[in-house]
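Report on the structure given below.
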Amino acid sequence: MNAPTPPGSERAMIDIVDLHKTFAGNKVLTGINLTVPAGSTCVILGGSGSGKTVLMKHMIGLLKPDSGKVIVDGQDIVPMGVEGLQQVRRSFGMVFQAAALFDSMTVFENVAFPLRQHTKLSEDEIRVQVRKRLDLMGLKRAVEDRFPADLSGGMRKRVGLARAVVLDPKVVLYDEPTTGLDPITTDSVDDMILTAQKELGVTSVVISHDIASAFNVANQIAFLSKGVIVEHGPPEQLRQSQHPAVQVFLQTWFGKN
Amino acid sequence: MTTETPSKPNRFTGAFTQSVEGLGKGIIDVVSSIGGVVALGLDVFRWSVRRPFRLHNLFTQLDFVGVGSIFIVGLTGTFTGMVFALQTSTAFALFDAESLVGPTVALTLTRELASVFAALMVTMRAGSAMCTELGTMRVTEQVDALETMAVNPVQYLLVPRVLAGLFMVPALTMLFNTTGMTGAYVVAVFGLGISPGTFLSRTQQWMAPADVYEGLIKGAIFGLAVALICCFKGYNASGGAKGVGQATTEAMVASALSIFILDFIVGMLMH
């Protein structure tokens, strides 16, 4: 079930250098250094309040750091203005914790939204593209006309991923994709992440505190504790880690299983 | 005894300090909110003149704010005109000046009441919906989702709503004028027996186009203010369902207050 090692994954898709961020005197990130190779799946693991979401928001330019660099596909996005960031964001897709689907739109309209905003495709072409992504996520035609409120948590996540990949992004960010899901749905979300990597070749960054899911999907895991990455490497390396924070965290799962 | 005596002034001082602190915090909050609304207004203006122009979104909001408010504004206007004609006729009858009912109602409606009431109706019906919808989108990360999809939320969500407020409140003010005068005419002519010719000619004699323009300018200013306030509160909502509810309450209070305060300021500047 482990993620396949991505081919040619030496080139860095995301490179974070000495990133610092403070909110109202509270130091959240205190010198993050992280490299995510192109085509790989990197899981950022850490407890609640460790700064995972803040780190992810920096990757897509939703937050500006106090200092440091966020280099995406060779470009430092920190000094960029709104226009530059909008251009960079077109190469990103993001799956939110609660999917963040537009509740006034149907499933079809949600997935078609990025195509309608950024392409000049005809309605027929949009239909083809949307159905292709929905099929990839294992969603049947019947859900197309349903509203997000009528879907289960797992289905919402799938629609969220279909929307995130519809413009063929280079990077997909997943914000706590398995939080609050039952084990079977968690498994299907893991499959969905692996499918996106395998079928679409995207670079994936997953933030999570779900250890089992992290070991299922990751090529590499970065462990975030007190605002710094204290361990970073393949899943096996993390299991051998001598860092006390990592050991305590992993014991909650491996200690019991 | 010796231990209790010093605590009395302390308690008083504490309560006084707390009151002053509360007042200061309130003032800072108001000033910071006004600053936030003005900054948002500038941002909305900046994004309203940039491509892409999403006309579909604009027409959807024009329909929601304007067309959707026709019934309630028309009804309010009719009854306001009727009541006003009834009450003024009672007063004017004391010195045989019922012929002034028409111009009095007309001047009051066009200069003051129509724009104020139309803006209040839009605040209650459309402003609350704008604030709640934007607030819900904010707390459920739908606004963040827009940003991650390289769609500017100010341009996509706020520009059409603010433009709808700016354009449709003056239009609804005109509707209020029309229905209000119709209501006043019906009560004055059919209810109180005032001659139709007197009602219309006196109204025409006392009214000037500038009176109507004043109401329309006020309507545009109120519409802009109400839409900006409701969008600002909703767009910056936080703290789940409770936060959205609180933002909507604050938006309603701030919008209603701003209408009356701006009415005085604009009225003063125009006269």
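Residue by residue through region B:124-153, note down the ones that are over 23 Å from A:Pro169 (Cβ atoms) and crowded, with 24+ Cβ neighbours inside 10 Å.
Going residue by residue through region B:124-153, those that are over 23 Å from A:Pro169 (Cβ atoms) are B:124-136, B:138-139.
Residues satisfying the conditions are B:Ala126, B:Gly127, B:Met130, B:Cys131, B:Leu134, B:Gly135.
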Exercise. Among the residues of region A:134-150, which ones are in a helix (DSSP H, G or I), surrounded by 11 or more Cβ atoms within 10 Å (Cβ to Cβ) and within 14 Å of chain B (Cβ to nearest Cβ)?
Worked result: A:Pro148
For this session: Check every one of the helices (runs of 4 or more DSSP H) wholly within region B:99-200 and list those with 1 or more residues that are away from chain A (no Cβ under 14 Å) and not aliphatic (A, V, I, L, M).
Result: B:101-108, B:114-122, B:128-139, B:159-185
Exercise. Being part of a helix (DSSP H, G or I), surrounded by 19 or more Cβ atoms within 10 Å (Cβ to Cβ) and among the hydrophobic types (A, V, I, L, M, F, W, C), is that true of even one residue in region A:227-244?
Worked result: yes
Exercise. Would region B:91-103 turn up any residue that is in contact with a Phe, Trp or Tyr (Cβ under 6 Å, 6 or more places away or on another chain), closer than 30 Å to A:Ala112 by Cα and not β-branched (Val, Ile, Thr)?
Worked result: no
For this session: Find the residue count for region B:209-224, including only residues that are touching a Gly at 6+ places or on another chain (Cβ under 9 Å) and either buried (at least 24 other Cβ atoms within 10 Å of the Cβ) or modelled with pLDDT under 95 (or both).
Result: 4
Problem set entry | Enumeration of residues in region B:235-258 that are on the phi > 0 side of the Ramachandran plot and in a helix (DSSP H, G or I) | B:Gly240
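Name the residues in region B:40-96 that are part of a loop (DSSP other than H, G, I, E, B) and loosely packed, with under 15 Cβ neighbours inside 10 Å, would you?
At the first step, the residues of region B:40-96 found to be part of a loop (DSSP other than H, G, I, E, B) are B:49-54, B:66, B:94-96.
Residues satisfying the conditions are B:Val49, B:Arg50, B:Arg51, B:Pro52, B:Phe53, B:Leu94, B:Phe95, B:Asp96.
Residues checked against (1) over 27 Å from A:Val54 (Cβ atoms); (2) assigned to a helix (DSSP H, G or I); (3) within 14 Å of the chain's Cα centre (by Cα):
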{"position": "A:Leu167", "(1), (2), (3)": "no, no, no"}
{"position": "A:Thr178", "(1), (2), (3)": "no, no, yes"}
{"position": "A:Met192", "(1), (2), (3)": "no, yes, yes"}
{"position": "A:Ala196", "(1), (2), (3)": "no, yes, yes"}
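Return the only residue of A:Val205, A:Val172, A:Val159 being of a type outside the set (D, E, K, R), touching a Cys at 6+ places or on another chain (Cβ under 6 Å) and buried (at least 19 other Cβ atoms within 10 Å of the Cβ).
Values: A:Val172 fails: touching a Cys at 6+ places or on another chain (Cβ under 6 Å); A:Val159 fails: touching a Cys at 6+ places or on another chain (Cβ under 6 Å).
Sole residue among the options that is of a type outside the set (D, E, K, R), touching a Cys at 6+ places or on another chain (Cβ under 6 Å) and buried (at least 19 other Cβ atoms within 10 Å of the Cβ): A:Val205.
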For this session: Report yes if A:Ala222 is hydrophobic (A, V, I, L, M, F, W, C), over 20 Å from A:Met137 (Cβ atoms) and in contact with an Asp or Glu (Cβ under 8 Å, 6 or more places away or on another chain), otherwise no.
Result: yes
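Hey, does region A:5-22 have a residue that's within 27 Å of B:Gly240 (Cβ to Cβ) and out of contact with any Ser or Thr (no Cβ under 8 Å at 6 or more places or on another chain)?
We begin by selecting, within region A:5-22, every residue within 27 Å of B:Gly240 (Cβ to Cβ); these are A:21-22.
Now narrow it down to the ones that are out of contact with any Ser or Thr (no Cβ under 8 Å at 6 or more places or on another chain): A:21-22.
The answer is yes, given that some residue of region A:5-22 is within 27 Å of B:Gly240 (Cβ to Cβ) and out of contact with any Ser or Thr (no Cβ under 8 Å at 6 or more places or on another chain).
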For this session: Please give the number of the condition A:Arg131 fails out of (1) under 22 Å from A:Met192 (Cβ atoms); (2) without any contact (Cβ under 8 Å) to a residue 40 or more places away in the chain; (3) buried (at least 17 other Cβ atoms within 10 Å of the Cβ).
Result: (3)
Problem set entry | Hits in region B:154-180 (condition: surrounded by fewer than 19 Cβ atoms within 10 Å (Cβ to Cβ) and farther than 28 Å from B:Tyr213 by Cβ) | B:Tyr156
Exercise. What is the number of the single condition among (1) within 30 Å of B:Val49 (Cβ to Cβ); (2) among the aromatic types (Phe, Trp, Tyr); (3) surrounded by fewer than 23 Cβ atoms within 10 Å (Cβ to Cβ) that B:Trp206 does not meet?
Worked result: (1)
Exercise. Among the candidates A:Phe92, A:Phe108, which residue alone is touching a residue at least 12 places away in the same chain (Cβ under 8 Å), in contact with a helix residue (DSSP H, G or I) (Cβ under 8 Å, 6 or more places away or on another chain), within 21 Å of A:Met192 (Cα to Cα) and at the interface with chain B (Cβ under 7 Å from one of its Cβ atoms)?
Worked result: A:Phe92
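The values are calculated or read from the model by the stated rules, or taken from the named source; none is laboratory data. Treat the numbers as computed from the prediction; the structure is a model and nothing was measured. Backbone-built Cβ (ideal geometry, glycine too); neighbour counts: all protein chains shown.
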